[in-house]
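Notes to accompany the following structure.
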Protein chains: 2
Amino acid sequence: MTTKKYLPLLLTVTCAVTVTAQEVKTPKLNLMPMPASVKFQPPDRLVVDSSFKVATRGHTDARLQAGIHRFMRRLEGRTVLTLAPGIVPGDQMTQLMIQCEGAGKNIPSVSENESYRIDITDRQALLSAPTVVGALRGLETLLQLLDADRTAYFFPAVQIQDQPRFPWRGLLIDIARHFQPTDVLKRNLDAMAAVKLNVLHWHLTEDQGFRVESKKFPKLHQLGSDGNYYTQEQVKEIIAYARDRGIRVVPEFDIPGHSTSWLVGYPELGSAPGPYTIERRPGIFEPALDPTREEVYKFLDTFLSEMAGLFPDEYLHIGGDENEGKQWDRNPAIQAYMKQKGIKDNHALQAYFNTRLLKILQKNNKKMIGWDEILQPELPKDVAIHSWRGTAALAEAARKGYDGILSNGYYIDLIQPASQHYVSDPLPADSTLTPLEAKHVLGGEATMWAEWVTPETIDSRIWPRTAAIAERLWSPRTVTDITDMYRRLAVISLQLEELGLNHKKYQDMMLRRLVRNDDIGPLKTLVSIIEPVKEYRRYQLRPQTMLSPLTGAVDATTPDSETARKFSWMVQEFLNDGPRFQLYQTELIQMLADWQTSGASLVPVIDRSPALKEIKPLAENLTRLGETGLEAISYLKSGMQPPKEWRDRSVARVDEAAKPYGALEFVVIAGVKQLVMAAADAKP
Amino acid sequence: MTTKKYLPLLLTVTCAVTVTAQEVKTPKLNLMPMPASVKFQPPDRLVVDSSFKVATRGHTDARLQAGIHRFMRRLEGRTVLTLAPGIVPGDQMTQLMIQCEGAGKNIPSVSENESYRIDITDRQALLSAPTVVGALRGLETLLQLLDADRTAYFFPAVQIQDQPRFPWRGLLIDIARHFQPTDVLKRNLDAMAAVKLNVLHWHLTEDQGFRVESKKFPKLHQLGSDGNYYTQEQVKEIIAYARDRGIRVVPEFDIPGHSTSWLVGYPELGSAPGPYTIERRPGIFEPALDPTREEVYKFLDTFLSEMAGLFPDEYLHIGGDENEGKQWDRNPAIQAYMKQKGIKDNHALQAYFNTRLLKILQKNNKKMIGWDEILQPELPKDVAIHSWRGTAALAEAARKGYDGILSNGYYIDLIQPASQHYVSDPLPADSTLTPLEAKHVLGGEATMWAEWVTPETIDSRIWPRTAAIAERLWSPRTVTDITDMYRRLAVISLQLEELGLNHKKYQDMMLRRLVRNDDIGPLKTLVSIIEPVKEYRRYQLRPQTMLSPLTGAVDATTPDSETARKFSWMVQEFLNDGPRFQLYQTELIQMLADWQTSGASLVPVIDRSPALKEIKPLAENLTRLGETGLEAISYLKSGMQPPKEWRDRSVARVDEAAKPYGALEFVVIAGVKQLVMAAADAKP
């Protein structure tokens, strides 16, 4: 479910498009996701000093206490205050009182009550919640509320009443194409909790790897993983870690396609004789389980029952996507079986397969969820649909009575800006679903497909953009101000670092490795305004395998350039300030001059590092973009009309600079072009 | 063994002191530790391109293959080349041929042969070694040899013959005062291997924590660790990880003192009745095991036998340091026992305790090692001495026939520069030991005492300085050029990052957290020329407990400032260039002007972040140091004599700026003062 060749092109929304929304009442608060209701009552505030203590009232348990412990350590980390360890008895006056009504679900569930209230006065913060998970959500909001001024750290006086819009708010992590050790998962679970996501969708099997230990069929992980798999102990550890944070863990075993790695150890399950080797390329491949043989179902019965015992969540994801059925078409026994059983085509055959799977899951008290493709006429209504196709497909399923979640629009591996993901809504404003039908839309999941991520880079591919998706899934539909989203996202991004996330700090290291010394300044300038090419163009432009090093310039470069957004915005302001052209003139000239000199400085740097050779044209174009922009500003300032040759040459230069190299492209092209066009014609 | 109140002051050596040594033949190579012999034959070289392959000849095994695999991944990471996976059969022509004679010791041992040879021509690199560990050492040298120019990555044509000077080259990590998860240990083991260290001294127990699971006495870890301990499975995992890299793991169970955490669960072992709680302060504490009771030896017999089975190394470290015997003095039963047995004082009592311990260890086929204090007249000769006192104590032990290792001079927790550690030699040039006696000096260990380190900061406290200690312990005694050491250290420091070490990349994150946004420029300028106060002054100036957050400015600041070294050096060159005063004038003015403006810019930043308040005086002094330096340069340039008031005021300002705040101090004071004095008197 990743290399959708015909994935519908998502609506392209630039950061300049601001969807006007219900006025945001609390513009100074850095909350993300924005709560359902916030009342802000400055100047009252609750000071946080070394006397800060916390007590609980009502229900308490180990999970709540661990959550409070983590809260206090993070509060200490930010304030550098040594706070009293432990939790004070509930009858004492403390700065933070947590009043929890009950434990909630023993196993995190889609029906968990995650609501909470926060009431902060200058004497106390009262956090109340019906469940421990609600209290954990509230603690995250509290940490986001922490502010400071010259005198002290404090919580502003607010009243918050909050609950999620959707009950299923997930992050899919594909650890099959590139394996991620448990510490990577743990820090990402911490980050998920920080933005109130509640489902880790653990994509455990793929053509490129089988990543979970099976005691029943050990050749699955032994031969299908290069040794990179999770032991069952580690699986339990991750599930416990997630549960501690109120996060469900939904495992995916993607069948009947995407199953090459299963067939390395058990070729007899395949629809062609084999032998099979672990797939190293990205793409869609032919190997598929044979749905016509009883041994296959016997195997799946044993295997899925083992996994059903290992994973406590009520759902089990069976994938079901992108099986093109080529192995089936070529297998005479399968063809004969279809004829005999009156199965008219491969869709029907897969539907038959899913029906058999469903029985196995039901026997194990699991609900089935799978990708769009599993939706076939005969599918029972208690199966849920995971839609990569879009809201229309999701709505259609909902009308038929199927629960569903959305991932279309949330493919964070495609390197699109947060603003674009932010406008994807599982239940768009123009939805024609009845309220009852709409209840079938459970939420959505960001999808971290992992063709091109390693432990070094994965955090920067997930964060901070996924926080915007988390807001879409938690906050009221009306919270849609993209400018304010980006303002808050920058703050949240910093806070995520305290959880050990590397999304900000790894870039410098990767640049140092490429440059082979500490002088990364000019390369940082370049990298700040280029991005990896979008969608599935990276592999086309710069083919690699799953075994290739992901340490190139394209890997060190991150999506959703903040500098480029700032540049675009300054260009608008500057041009709108015509014919005076004063606003942001200094800043723009400084930025463009930096491009010009950095491009030149980069040439000798690249000449020392063959791995950077692929981006040499980008360095040259960086200089040209800087020069061209400076010339345009110079014309605009002077009020002189440039010669037509200048315009033609400049447009050609900018167009030339739009070409990708090393699967990287400039994201400031439009802004420079606007400067050129404005200079060329004062009345464009 | 950390808060030595009377630790002899180490000889202070600044980077300006260059010990002239055997001429370095290969000034362009970035090897650390420097091999015993290097012949460099430019311009020949072996190109590394995507056809690069490796083969083995002679002995091979899983450990060697895993080492080659890691080597290839790191080579790919740096070159961004996709290399063929796997190892080619040995009869094929490959760019790298590894010829290994045998497996070496099954359990890494102090008697392991770690030698290797490298011969690189333009067709092949031949790495030959008698053991797998030797081959692993050679692979690290190869990675350090990797170079590049405009056309390609390459290995220069060299002939290297190498073996260590000392067989015991360790890093002690105290994970008791602050716990470190296994991933921290693993990345540090990788770094140790990169600089050819071969002993992880695992300081597992302290007053402040008991960090290893005991199945025999579970209350040790259950009640003595706050839940932060290694399971026996994790211990095995670390030992296997270390063995894979040719590194021994020597556990330390520090007794009879430093044992508060043991007594929380088993107060009956103590010399006073208890109850005991985990110690949270730094320092030397009274609790000690009772050496007069048979139950204590029975307990230790069972416990140490359990640990002897868990840790395969032939040595077991029993600590034995800093027991001041106060509990013994006050215990009438102990006093009566001593009288009855004719034990004349606490030293003799501890010697009696050690003799009993030794029997337990011998029964378990373990050699005993302990700190200086265990050296008592009746100590058998097969016990080794770990000296925090110094080379004289070590030499004295060697003369008496005891093996020993040095840690005096290698206390990396004391925040001293690498140059200072670098001149500490276990066998100094003026040693009067006979060659036979000298053989008892086995090597040394850097000691990472952990009062003030967390997983966020520990790497920056260990690295890169420990690489200089590693060189002292591996390379010939004559390799002593400090300037060249620092040149190579900067390169090695970058390479350590590829192993996941955070010593460089965490600072920015910690500064962002303190500043609460991305604008850390001015704070970085300050932080680049201040360091935490040295030796044991931090706790005196800024008391904290083991439960305090280590997220302040002092934690974000690193030892051995490269910027300060550069500043000192430029000041020398500038002043030596008098009366012209041209050399580095521009650079100095730029640097001083940056201090001046950054100090001013920092004031509003600090006013937003109460946690930074403690360093506000440093920000103010930063401005003043910049101003004063600029004024001095201005006088020097003009050739004018400044008024006496200027001199007095400037000296006073600089002296004022020498005061520490927030346990941080400027390390550019001497340089600024030199400028002032030179300006005040052209003939100082």
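Worth pointing out:
- Kirkwood Rh and Cα Rg combined as Rg over Rh, evaluated for the protein assembly as shown: 0.97
- Measuring between their Cα centroids, region B:174-211 and region A:584-652 lie 50 Å from each other.
- Region B:54-107 pair-distance distribution - Cα-Cα, 10 Å bins, rounded %: 23, 51, 23, 3
- Across chain A, Cα pairs under 8 Å and at least six residues apart give a relative contact order of 12 percent.
- In region B:412-476, the alpha-carbon atoms span a convex hull of 97 Å³ per residue.
- Among the listed pairs B:186/B:215; A:196/A:216; A:505/B:105, those with a Cα-Cα distance over 29 Å are A:196/A:216; A:505/B:105.
- Selection from B:672, B:241, B:549 lying farthest towards where the dipole of chain B points positive, charges on Cβ: B:241
- The spacing between region A:532-578 and region B:323-396, judged by their C-alpha centroids, is 65 Å.
- Per residue, in Å², the accessible surface of the protein assembly as shown once ligands and nucleic acids are set aside, probe 1.4 Å: 36 Å²
- Per-residue ellipticity at 222 nm computed for chain A from its helices equals -12500 deg cm²/dmol, with DSSP H segments shorter than 4 residues left out and the rest contributing -39,500 (n - 2.57).
- Under 14 Å, Cβ to Cβ, from residue A:68 - net charge with Lys/Arg +1 and Asp/Glu -1: +4
- Charge dipole (region A:29-153, unit charges on Cβ, about Cα centre) - positive-most of A:124, A:84, A:46: A:84
- Kirkwood-Stokes translational diffusion coefficient of region A:452-606, alpha-carbon pairs, 25 °C, 0.890 mPa s, µm²/s: 138 µm²/s
- Over all pairs of different C-alpha atoms, chain B has a mean inverse distance whose reciprocal, the Kirkwood radius, equals 27.1 Å.
- For the protein assembly as shown, a crude dipole built from +1 on the beta carbon of Lys and Arg and -1 on the beta carbon of Asp and Glu, taken about the Cα centre, is about 40 debye to the nearest 20.
- Rg over Rh, two decimals, region A:99-160 (C-alpha only, Kirkwood Rh): 1.08
- Residues residue A:547 and residue B:107, FRET efficiency given R0 of 35 Å [Cβ-Cβ distance, rounded to 0.05]: 0.60
- Portion, in percent, of the accessible area of chain A that falls on carbon or sulfur, probe 1.4 Å: 54 percent
- Summed side-chain charge close to residue A:190 - residues other than residue A:190 whose Cβ falls under 12 Å, Lys, Arg +1, Asp, Glu -1: 0
- Seen from every direction in turn and averaged, the convex hull around the alpha carbons of region B:518-567 projects onto 4.4 nm².
- Distance between modelled label sites at residue A:281 and residue B:649, nm, 7 Å Cα→Cβ extension: 7.6 nm
- Spin-label proximity, residue A:50 to region A:151-174 - amide N less than 16 Å from point 7 Å beyond Cα toward beta carbon: A:152-153
- Selection among A:202, A:220, A:191 by position relative to the dipole of region A:138-242 gives A:220 as farthest towards the positive end (Cβ unit charges, Cα centre).
- ³J(HN,Hα) computed for each position of region A:395-409 - Karplus, 6.51 cos²θ - 1.76 cosθ + 1.60, integer Hz, glycine/proline x: 5, 4, 4, 4, 4, 7, x, 9, 5, x, 10, 9, 10, 4, x
- Percent of beta bridges antiparallel (DSSP, region B:57-175, rounded to nearest 5): 55 percent
- Modelled FRET efficiency - R0 25 Å, residue A:222 with residue A:335, Cβ distances, 0.05 increments: 0.15
- All C-alpha pair distances within region B:252-400, sorted into 5 Å bins from zero, spread as 2, 9, 19, 22, 21, 16, 9, 2, 0 percent across the bins.
- Around the amide H of residue B:212, modelled in the peptide plane, lie the amide H atoms of B:230, all under 5 Å away and 5 or more residues distant in sequence or on another chain.
- Its residue count N fixes a reference of 2.2 N^0.38 Å for region B:328-434, and the Cα radius of gyration divided by that reference is 1.31.
- Buried area at the A:B interface is about 3600 square angstrom, summed over both chains, from accessible surfaces computed with a 1.4 angstrom probe.
- Hull volume per residue, based on the alpha-carbon atoms of region A:491-554 and their convex hull, is 138 Å³.
- For region A:79-95, heavy-atom accessible area (probe 1.4 Å) falls by no less than 30 Å² from the chain alone to the full protein assembly at A:80, A:82.
- Binning the C-alpha pair distances of region A:568-684 at 5 Å intervals from 0 yields a P(r) profile of 2, 12, 22, 22, 18, 11, 7, 4, 1, 0 %, listed from the shortest bin outward.
The values are calculated or read from the model by the stated rules, or taken from the named source; none is laboratory data. Being a predicted model, the structure only gives us computed values, none of them experimental. Reconstructed Cβ throughout: ideal geometry from the backbone, glycine too, with neighbour counts over all protein chains shown. The protein model used for the area step is the full one, side chains on, heavy atoms only, and it has no ligands, DNA or RNA in it. Shrake-Rupley method; radii C 1.70, N 1.55, O 1.52, S 1.80 Å.
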